[in-house]
Amino acid sequence: MGASTGAKRRLTPEDIYNITLVSDAQISPDGRHVAYTQTILDKEKNDYRSSIFVVPVDGGTPRRFTSADARDSFPRWSPDGSRIAFLSNRTGKSQVWMISVDGGEATQVTDLPEGVTYFAWSPDGSTLALVSKTEAAQLEKREGDEEDEEKSDVVRITRIRFRADGVSGFLDDKRSHIWCIPAAGGDPWQVTSGDFDDAWPVWSPGGHEIAFVSNRTEDREYNTVSEIWAVPARGGEARPIATGDDAYFGRPVWSVDGAAIAFAGHRQPEAGGAIDSHVWVADGGATRCLTEGLGRTVGDAGINDTFASANPGLAWTPDGWIYFQVSDSGNTHVYRVPAGGGDPSLVVGGQRRVLDFSLSPDGSRIAFVAGDPLNPCDVYVCRADGSDERRLTAVNEEFFSSVALSQPEEFRVPSHADDRAEIHGWVMKPIGFEPGRKYPLVLEIHGGPHGMYANHYFHEFQLLAAQGYVVVYTNPRGSQGYGTEYASYTRAAWGEKDMPDLMAAVDYVIEQGYVDPNRLGVTGGSYGGYMTNWVIGHTDRFNAAVTQRCVSDLYSFFGTSDIGFNFGAYEWGGVPWEVRENYVRLSPITYVENMKTPLLIIHSEEDYRCPIAQAEQLFISLKILGREVEFVRFPNENHNLSRSGKPKHRVERLQFILGWFQRYL
Ligand SMILES: CC(=O)N[C@@H](C)C(=O)N[C@@H](C)C(=O)N[C@@H](C)C(=O)O
């Protein structure tokens, strides 16, 4: 039990078990109910459990629709509103299940050997389009299963993409394709095939075609292209919608008349999140960009540690609006733009992060999940213009009424860089703050680097505040949410261009008079771990550091990260043998002799985004140099330990962080 401050106790690492997560708010066809996923961290099972709930838009008690000891997610209403299909891993692999809105037992619809990762109802409700790595041959083989002959355990690798973070071991050669199956159950048929990965199927309004996302370029093994295609629902030749080597598109949605398709993205695939994404429309003529002048990226660039993921698309309403998320200065909002062109306008705003949204088919209502600095998430509804907003759930109200939280205070400060650019940040005072006292400070640095800290609950930050630290976090250059120029500013200048921004924020908070400048900590994950390493290699002002899922050596990252050979080449100005000086100059390990700050290194064994060798190189070098360093390794975890790792590991990780700062600050 945490220490108390009057009526409210202090937050603890174990409180992640007391927080309920809601996600994927799906409004019903008649606009009168919202289905959503509710997730908890189950301490006894050391795993996540999620169920489908439904709440009336007019308010009332949410009704639990599924209660399997599993992860039920991705609720999708049938077009007539009579059924809800959802994904469940209750039989092992994720398959599609169906339940009547009148309740009762769910029935299994699919049983594909490789499971189902996504699906979409046909407009007439007769068919489901599915995404599965199953090949037709596997279904045939299943009829006459013969025993597999003894297989060798030797792995022969020929493709450059042989690993992906979040997938244990090596990638197989199976490709994700689109299938269809009768919604009432029956034999599935494969719609797409070939040496491509296909995703995000969306039916044309007439049900004849399925638009989808794929990379069918010649160089697809090496590039980051993402195209929009369409294929007859019965299968056949796919036709290009928005394709080519300059396509970085996703989230397709049809116009209600089926004459056009909208999608999000940009035309520099190699840049990834370093430049703003936009909303586009393809209608047979020239593809049009609808958000050219917006100055902010389309999509949610927010980063925090307490959420259940959903990946909302765009929405196109009968009255001609296209709805989309926008990341802006620490908020993620919902905007809309006329499909025929015009000014985008804010619909769902506020000092908060809208994590996902959906619109009723008539375009009259929006259901969404939003979180703010003191509340991780709840389900809301509003009218299509954002009016009449109502919160439909209060999933964490009771819990958070019992614990003390710190309200972040926003600031903007000139960078220490010559350009004195305005840097946006937040400071959280410790729980029980007393004017006149001086407190230790922890600087938190986000990853990406093109992520964005947001006006959104962050358990790690609240924990540090509960333990008596001042917490400061910012969106330095390289962050998304402030336009392309801001996000691209650190290209081939990681550390060099953003450290002045970070130090300006630390100095600003120290100037407020309630920080002990001799008790400073710094931490961050992934790119934030890179920056933690960079900072302690370039200043001794910090008394303790915790580097998490870090990057230390760009050259080895290039050849060992699952994104190294393209993300690295773009971010650092080229491939190592062409810009070797950049790779050396920008690698924190180059400055390891300058690192004197006591350092805790936290890393996951199966981190294929930032492989654990990034941590090992740093640890060995610091041990040889006789520095104060410890290395904590998490088995059977990947890059997302802090966000979706095993609950027990997430608690232990937080305890290691608190322990290190308590020891040195
Ligand atoms: C596909 C891609 O470019 N992903 C990058 C955003 C990425 O994974 N960057 C890592 C180095 C990173 O910093 N990740 C952040 C989001 C984290 O907190 O893990």
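Mind checking the dipole of the chain: about its Cα centre, +1 per Lys or Arg Cβ, -1 per Asp or Glu Cβ, Debye to the nearest 20? Spell out each step's value before the answer.
Working: 63 positive and 90 negative charges, 361 e Å.
In total the dipole reaches around 1740 debye.
For the stretch 560-665, state which chymotrypsin sites (Phe, Trp or Tyr not before Pro) are in a DSSP loop and have at most 12 other beta carbons lying within 10 Å of their beta carbon.
On the way: sites: F565, F567, Y570, W572, W577, Y583, Y591, Y608, F619, F631, F656, W660, F661, Y664; in loops: W572, W577, Y608.
Here the chymotrypsin sites (Phe, Trp or Tyr not before Pro) that fit, given the DSSP loop and packing criteria, are W577.
If you place +1 on the Cβ of every Lys and Arg, -1 on the Cβ of every Asp and Glu, and leave all else neutral, what size is the dipole of the stretch 400-664 about its Cα centre, to the nearest 20 Debye?
It works out to roughly 580 debye.
Can you give me the accessible area per residue for the chain, using a 1.4 Å probe, in Å²?
For the chain, the per-residue accessible area is 39 Å².
Any idea what the alpha-carbon Rg over 2.2 N^0.38 Å comes to for the stretch 340-417? Could you put the intermediate results ahead of the total?
Values: Rg = 16.3 Å, N = 78, 2.2 N^0.38 = 11.5 Å.
Expressed relative to 2.2 N^0.38 Å, the Cα Rg reads 1.42.
List every residue whose amide H lies under 5 Å from the amide H of Y222, counting only residues 5 or more places away in sequence or on a different chain, with H placed 1.01 Å from N in the peptide plane.
none
Can you give the calculated 222 nm mean residue ellipticity of the chain, where each DSSP H run of n ≥ 4 adds -39,500 (n - 2.57) and the sum is split over every residue, rounded to the nearest 500 deg cm²/dmol?
Estimated from H runs of four or more residues: -4000 deg cm²/dmol.
Stokes-Einstein D for the stretch 447-527 at 4 °C, 1.567 mPa s, Kirkwood Rh over Cα pairs, in µm²/s?
This corresponds to a translational diffusion coefficient of 93 µm²/s.
Over 26 Å between C-alpha atoms is what I'm after, so list which of K93/K174; K623/K646; K8/K45; K43/K151; K93/K141 land there.
Too far apart for the 26 Å limit: K623/K646; K8/K45; K43/K151.
Which GluC sites (Glu not before Pro) does the stretch 457-509 hold that lie in a coil by DSSP with at most 14 other beta carbons within 10 Å?
When the GluC sites (Glu not before Pro) of the stretch 457-509 are filtered for loop state and at most 14 Cβ neighbours within 10 Å, E496 remain.
Please figure out what share of the DSSP beta bridges in the chain is antiparallel and state it in percent, rounded to the nearest 5.
Taking every DSSP beta bridge with both residues in the chain, the antiparallel ones total about 75 percent.
If you build the Cα gyration tensor of the chain and take the root of 5 times each eigenvalue, what three semi-axes come out, in whole angstrom, biggest first?
The equivalent ellipsoid of the chain has semi-axes of 40, 29, 26 Å.
Once the other residues with Cβ under 12 Å from the Cβ of A85 are scored (Lys, Arg +1; Asp, Glu -1), what is the net sum?
+1
Quote the FRET efficiency, to the nearest 0.05, computed for D388 versus L625 with a Förster distance R0 of 45 Å and r equal to the Cβ-Cβ distance.
0.15
Shape call for the stretch 383-506 from the C-alpha gyration tensor, a ≥ b ≥ c root eigenvalues: rounded (a/c under 1.5), prolate (a/b greater than b/c) or oblate?
Oblate, since a/c reaches 1.5 and b/c is not below a/b.
Given R₀ = 22 Å, what would the calculated FRET efficiency be for N636 paired with A164, taking r from the Cβ atoms and rounding to 0.05? Display every interim value, and only then the final one.
Numbers: r = 16 Å, r/R0 = 0.73.
According to the calculation, E is roughly 0.85.
What's the percent breakdown of Cα-Cα distances in the stretch 400-664 across 10 Å bins, shortest bin first?
7, 32, 38, 20, 3, 0
Rounded to the nearest 20 Debye, what is the dipole magnitude of the stretch 145-207 about its Cα centre when Lys and Arg each give +1 and Asp and Glu each give -1 at the C-beta?
540
The values are calculated or read from the model by the stated rules, or taken from the named source; none is laboratory data. On a predicted model such as this, the values are computed, not experimentally measured, just so you know. Glycine gets a Cβ as well: all are built from the backbone with ideal geometry, and neighbour counts include every protein chain shown. Side chains are part of the model used for accessible areas, which takes the heavy atoms of the whole protein and leaves out ligands, DNA and RNA. Shrake-Rupley method; radii C 1.70, N 1.55, O 1.52, S 1.80 Å.
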